[in-house]
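Throughout, read-outs are computed from the coordinates displayed, never taken from laboratory work. Keep in mind the model is a prediction, meaning the values are calculated, not measured. A quick note on method: Cβ atoms are made from the backbone with ideal geometry, for glycine too, and the neighbour counts reach across all protein chains shown.
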Amino acid sequence: MKQTLVALVEDKPGVLNRIASLFRRRNFNIESLAVGHCERPGVSRMTIVTDEEEMLRRNVIRSNLLKLINVIDVQDVTDVPCVIRETALIKVRADATQRGQVMDVAEMYRARIVDVATETLIVEVTGDSSKIEAIIGVLEPFGILEIMRTGKIAMTRGQVLPRNGASNAAHNGSKR
């Protein structure tokens, strides 16, 4: 099973490097990483997906992240009800004779055509990994020229997860 972590981090230079270095030093693979501003000014939310299955090593990842400067909070949401999504841009070969078929496929998957050129279309699709994989499979026969996938993003369903951020932020502030 994949491990999904959601981290709140200070929006400062070097934070991503420290997190990536931690994973490298501990020999953990990052399968997916997405970072963006969140509802709190000066704070970014990261979704990190690893391929670590062993529970002990999964706990080590979280506890080591919490020790890093600028990391406010880390939640392991692997076994928590979440909405997990990713977006893909797919450039497909589609001349005038194929264009309608590619557009039909996009509509079937609730995807959007975001660029039209003489010989290509760019399809934007958002969903879980299986939806992304499915549309890629259906578009393959037309000729996929490029694919760009975002990392997975995760948000817990229902109420906000409890945070230990206040105590951790104070702890991290003393390490500077």
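Taking each DSSP H run with n ≥ 4 as -39500 (n - 2.57) and averaging over every residue of the chain yields -9000 deg cm²/dmol at 222 nm. Grouping the Cα pair distances of segment 38-121 into 5 Å bins from zero gives a pair-distance distribution of 3, 10, 16, 13, 10, 8, 9, 11, 10, 7, 2, 0 percent in increasing distance order.
The shape of segment 36-87 comes out oblate: with a ≥ b ≥ c from the C-alpha gyration tensor, a/c is at least 1.5 while a/b does not beat b/c.
Compared with the dominant Cα axis of the chain, that is its longest principal axis, helix 55-67 is turned about 70°. Both the radius of gyration and Dmax for segment 83-149 are 10.9, 38 Å, in that order, over alpha-carbon atoms.
Where does helix 99-108 land angle-wise versus the long Cα axis of the chain, in degrees 0 to 90, nearest 10? Rounded to the nearest ten degrees, it is 40. Each peptide among 74-81, 44-51, 118-125 gets the average number of other Cβ atoms lying within 10 Å of its residues, and from highest to lowest they stand as 44-51, 118-125, 74-81.
Only loop residues by DSSP count here, and only those with at most 12 other Cβ atoms within 10 Å; note down the GluC sites (Glu not before Pro) in segment 25-62 that meet that. Taking segment 25-62 and a limit of 12 other Cβ atoms within 10 Å, the loop GluC sites (Glu not before Pro) found are 39, 53, 54. Computed from Cα atoms, the angle from the helix 15-25 axis to the main principal axis of the chain rounds to 90 degrees. Annotation: amide H-H contacts under 5 Å for residue 120 (H modelled 1.01 Å from N, sequence separation of 5 or more, or interchain): 94. Between residue 110 and residue 62, the C-beta separation translates, for a Förster distance of 41 Å, into a calculated FRET efficiency of about 0.75. Once the chain from residue 134 to residue 148 is taken as fully extended at 0.36 nm per residue, the excess over their C-alpha distance is 3.5 nm.
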